1. Just report the Cα centroid separation between segment B:67-90 and segment B:1-37, whole Å.
2. For segment B:129-185, what is the convex hull (Cα atoms) projected area averaged across all directions, in square nanometres?
3. What FRET efficiency comes out for residue A:16 versus residue A:42 if R0 is 51 angstrom and r is the Cβ-Cβ distance? Round to the nearest 0.05.
4. Take the alpha-carbon positions of segment B:1-101, form their convex hull, and give its projected area averaged over all directions (one quarter of the hull surface) in nm².
5. Stretched out fully, how many nm does the piece from residue A:24 to residue A:6 gain, at 0.36 nm a residue minus the Cα gap?
6. Please work out how much length the chain gains when fully extended from residue B:170 to residue B:22, using 0.36 nm per residue of separation minus the C-alpha to C-alpha distance, in nm with one decimal.
7. Taking 0.36 nm per residue of sequence separation and subtracting the Cα-Cα distance, how much length would be gained by fully extending the chain between residue B:181 and residue B:154, in nm to one decimal?
8. Place a +1 charge on the Cβ of each Lys and Arg in segment B:1-101 and a -1 charge on the Cβ of each Asp and Glu, then give the dipole magnitude about the Cα centre in debye, rounded to the nearest 20.
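Every read-out reported here was derived from the displayed coordinates using simple, explicitly stated rules and does not represent laboratory data. This one's a predicted model, so the numbers in the text were calculated from it and none came from an experiment. Ideal geometry is used to build each Cβ from the backbone, glycine not excepted, and the neighbour counts take in all protein chains shown.
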Amino acid sequence: MSPEQDPLEQLANVTVPPVPDAATLRTGVRRKLNPRLLALHVIEFAIGATAWAVVHMAAALAAALRYTVTGRWPERPKSDDSRP
Amino acid sequence: MDDLSALTDTELAAQAAREGSDGIAFTTLMDRHRERVWRICWRLMGTQHDAEDAAQEVFVRLFFDRGKFAGRSAYTTWLHGVAVRTCLTLRRSRTRRRRREEPDVDERIATAADTTTHPSAAIDASHDVTALLDGLDEEDRALVLMRFAEGHDYDQLAEIFDISAGACRMRISRIREKLAATRKTP
């Protein structure tokens, strides 16, 4: 089949409308990008905050879990102030 | 404003990966490639509105993936791969949504497919080459458009579609046969 007869070869001749101007494209990109970036940052913050909270409250959480299972709070070493 | 026009795409991509969303390198990349990305989006999506939406989506995806360019191919080929995948995802999600909203759409698609095998419709379709492609699978349609409308060679197609160059050649040969059969069917 010659290139003139081949319909696939004619695809290159299909006219494409002119490209929208750069400012319109940038505005559209920003309109889509900003909410996603915000959502991403919120998720990152939430994950980071959760990890921080877990690390800092690990002892308390472990004690609460132990109390749930055994019914007794773990004994804490007495501080120097409480000694007679 | 810094003049980044002398930098190559790869250098700009590396700089964009270190910048925020309003970085000048990313904006320069966008300006440099918007025309070709627009052409790909328009050819794959078929309407002005969908193409504009897809082109914006391509650059949003490019922003999130801007650090993933590994340099295995030319930057333009990699970017065209991003554009094709974005358009295919949008087309698939639109088809799914249309199916949900209009449950009888499958029936209408089947009816439309029947008319393309009708002799008069086949003759009309030969004049309207883009109508011929509507009967193809989404990815096959994209492959043909990237090969014949955008002029990518088989190695570039292999990179864009993440298959081997031989597989691209084979698929295009099968598509040719399928289209020829569609045109000849009485």
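1. About 15 Å separates the Cα centre of segment B:67-90 from the one of segment B:1-37.
2. The Cα convex hull of segment B:129-185, projected and averaged over all directions, gives 3.6 nm².
3. For residue A:16 and residue A:42, the calculated efficiency is 0.85.
4. 7.0 nm²
5. Working it through step by step, the gained length comes to 2.8 nm.
6. 49.0 nm
7. Gain in length upon complete extension: 7.3 nm.
8. Roughly 1000 debye, rounded to the nearest 20.
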